[in-house]
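This report refers to the structure that appears directly beneath it.
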Amino acid sequence: MAEAVVFDMDGVLVESEHLWEEGWAAFAAERGARWGAEQTKSCQGMSAPEWATFLTEFAGAGDSPEDTERAVVDGMVAALEEGRIELLDGAREMVTDTAGLGPIALASSAPRRLIDAVLVHHGIDHHFKATVSSAEVPRGKPSPDVYLAAAEKLGVPAADCCAVEDSSNGLRAAAAAGMHVVAIPNPQYPPAEDALAGASFAASDHDSVRRHLLSQLKEGDRS
């Protein structure tokens, strides 16, 4: 049973994980460093200040973390404007239908300006009662901070929230927050077995997740 739902953004609502990897790799390559799958795995779930520091040190060209973050996020905003960050199949219906039964929030590792830009661009911003970037809390995923902050903004105990995630560190963060974890495993970046083990429900398609969330919200409404 649930009273609210908290969604991740990258890989849950929009197809964007590969674009983050492209941006990190391009930044490193321009400075003579070779970015690989291990570096991407390390950064997934980090807040923008965290991955910017990691990327700056990895590239080793003397940039400031602030300039590194700005350059990569500028590229993501440009990709959005070019139509390269699309909603995943079924994501709009999942958001719209769950928001019709209970309050929903967003808990994302993306920086604030990209969160706002994505939600407005796709016309779904009005469905969310709260949005939190992990840059706005002390620690990024896999720490639970961003999920706990989202629940607090909704005014709903974390234990009464469903969290929808796709990546290892996101799943770990939601579980650490004490939420009912719903997994949509990312096929390009499959989550680790230990992270998936913390999910109470998993499905590869958004319609199955949508139906599960609706059933949980309806049960919560009856309790």
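The values are calculated or read from the model by the stated rules, or taken from the named source; none is laboratory data. Keep in mind the model is a prediction, meaning the values are calculated, not measured. Cβ sites come from the backbone with ideal geometry, for glycine too, and all protein chains shown count toward neighbours.
Key figures
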quantity: Yes/no for residue 132 being outside any loop (DSSP other than H, G, I, E, B) and touching a Ser or Thr at 6+ places or on another chain (Cβ under 9 Å); calculated: yes
quantity: Search result, residues across the stretch 192-223 that are at pLDDT 95 or above and under 14 Å from residue 97 (Cβ atoms); calculated: 206, 207, 208, 209, 210, 211, 212, 213, 214, 215, 216, 217
quantity: Extreme residue, farthest from residue 113 (Cα to Cα), among residues of the stretch 82-97 that are charged (D, E, K, R) and touching a residue at least 40 places away in the same chain (Cβ under 8 Å); calculated: 97
quantity: So residue 175, is it in a strand (DSSP E or B), assigned by TED's automatic domain parsing to the domain that holds residue 107 and either surrounded by fewer than 23 Cβ atoms within 10 Å (Cβ to Cβ) or among the small types (Gly, Ala, Ser) (or both); calculated: no
quantity: Among the candidates 168, 133, 143, 108, residue that is surrounded by fewer than 23 Cβ atoms within 10 Å (Cβ to Cβ), under 18 Å from residue 10 (Cβ atoms) and either of a type in the set (Ser, Thr, Tyr) or in the same structural domain as residue 75 (by TED's automatic domain parsing) (or both); calculated: 143
quantity: Any chance residue 184 is at pLDDT 95 or above, surrounded by fewer than 24 Cβ atoms within 10 Å (Cβ to Cβ), at negative phi and under 12 Å from the mean Cα position of the chain (by Cα); calculated: no
quantity: All helices (runs of 4 or more DSSP H) inside the stretch 1-90 with 1 or more residues being hydroxyl-bearing (Ser, Thr, Tyr), surrounded by fewer than 17 Cβ atoms within 10 Å (Cβ to Cβ) and touching a Phe, Trp or Tyr at 6+ places or on another chain (Cβ under 8 Å); calculated: 37-43
quantity: Given (1) within 25 Å of residue 196 (Cα to Cα); (2) in a helix (DSSP H, G or I), index of the condition residue 96 fails; calculated: (1)
quantity: Residues satisfying the stated conditions in the stretch 131-157, i.e. of a type outside the set (A, V, I, L, M, F, W, C) and under 19 Å from residue 172 (Cβ atoms); calculated: 133, 134, 138, 139, 140, 141, 142, 143, 144, 145, 147
quantity: Residue within the stretch 202-223 that is touching a residue at least 12 places away in the same chain (Cβ under 8 Å), under 11 Å from residue 2 (Cβ atoms), in contact with an Asp or Glu (Cβ under 8 Å, 6 or more places away or on another chain) and not in a helix (DSSP H, G or I) present; calculated: no
